[in-house]
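The values are calculated or read from the model by the stated rules, or taken from the named source; none is laboratory data. Remember, predicted model here, so these are calculated numbers, not experimental data. Cβ sites come from the backbone with ideal geometry, for glycine too, and all protein chains shown count toward neighbours. Ligands, DNA and RNA are stripped out before the accessible areas are found, and what is left, the full protein with its side chains, is counted by its heavy atoms. Shrake-Rupley method; radii C 1.70, N 1.55, O 1.52, S 1.80 Å.
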Amino acid sequence: QVQLVESGGGLVQPGGSLRLSCAASGTIFTIYGWGWYRQAPGKQRELVATITSDGSTSYADSVKGRFTISRDNAKNTVYLQMNSLKPEDTAVYYCNARTLASNYWGQGTQVTVSS
């Protein structure tokens, strides 16, 4: 089993930055990939960024050049650095961890971009 706890969300003005954190515990050695997803009101959950166990990353077109996913293995934590935030980035952001057997989710953290 893997437990994920997100933090770092909040209210930020357009153009601002936030860094989300996802702390993992449990059978972490079984994780082969991590991801950040988001879900805005009335919309489906969408993939934002992923990072694999070998450090390969990928991003949704809407966040390329603005968001950066990274991982600190010593702290068992994955980050999402979000810069140049836009109102359309407003959503609940979820951390995801994938193992061969299952898919784990955090509880989500709210990000609101508004002036």
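Condition check: in a strand (DSSP E or B) and either in contact with a Gly (Cβ under 8 Å, 6 or more places away or on another chain) or touching a residue at least 12 places away in the same chain (Cβ under 8 Å) (or both). Does VAL78 satisfy that? If you could, list the steps in order and put the result at the bottom.
Values: in a strand (DSSP E or B): yes; either in contact with a Gly (Cβ under 8 Å, 6 or more places away or on another chain) or touching a residue at least 12 places away in the same chain (Cβ under 8 Å) (or both): yes.
Here the answer is yes, as VAL78 does meet what is asked.
Quick one: how many residues across region 54-80 are modelled with pLDDT under 95, surrounded by fewer than 12 Cβ atoms within 10 Å (Cβ to Cβ) and not acidic (Asp, Glu)?
4
For region 21-40, what are the residues that are open to solvent by 60 Å² or more (accessible area, probe 1.4 Å) and either free of Cβ contacts under 8 Å to residues at least 24 places away in the same chain or under 14 Å from the mean Cα position of the chain (by Cα) (or both)? Give the derivation first.
First, pick out the residues of region 21-40 that are open to solvent by 60 Å² or more (accessible area, probe 1.4 Å): 29, 32, 39.
Within region 21-40, PHE29, GLN39 meet the criteria.
Among the residues in region 99-106, are any at negative phi, in contact with a Lys or Arg (Cβ under 6 Å, 6 or more places away or on another chain) and touching a residue at least 40 places away in the same chain (Cβ under 8 Å)? Walk me through how you get there before you give the answer.
So the first thing to find is which residues in region 99-106 are at negative phi, and the list is 99-106.
Checking which are in contact with a Lys or Arg (Cβ under 6 Å, 6 or more places away or on another chain) leaves us with none.
Within region 99-106, not a single residue is at negative phi, in contact with a Lys or Arg (Cβ under 6 Å, 6 or more places away or on another chain) and touching a residue at least 40 places away in the same chain (Cβ under 8 Å).
Please count how many residues of region 81-115 are assigned to a loop (DSSP other than H, G, I, E, B) and crowded, with 19+ Cβ neighbours inside 10 Å. Write out each step before concluding.
At the first step, the residues of region 81-115 found to be assigned to a loop (DSSP other than H, G, I, E, B) are 83-86, 90, 99-102, 106-108, 114-115.
Retained after the next criterion (residues that are crowded, with 19+ Cβ neighbours inside 10 Å): 85, 106.
Total satisfying the criteria: 2.
Name the single residue, out of those in region 90-115 being within 10 Å of the chain's Cα centre (by Cα) and of a type in the set (S, T, N, Q), that is farthest from GLY9 (Cα to Cα).
ASN96
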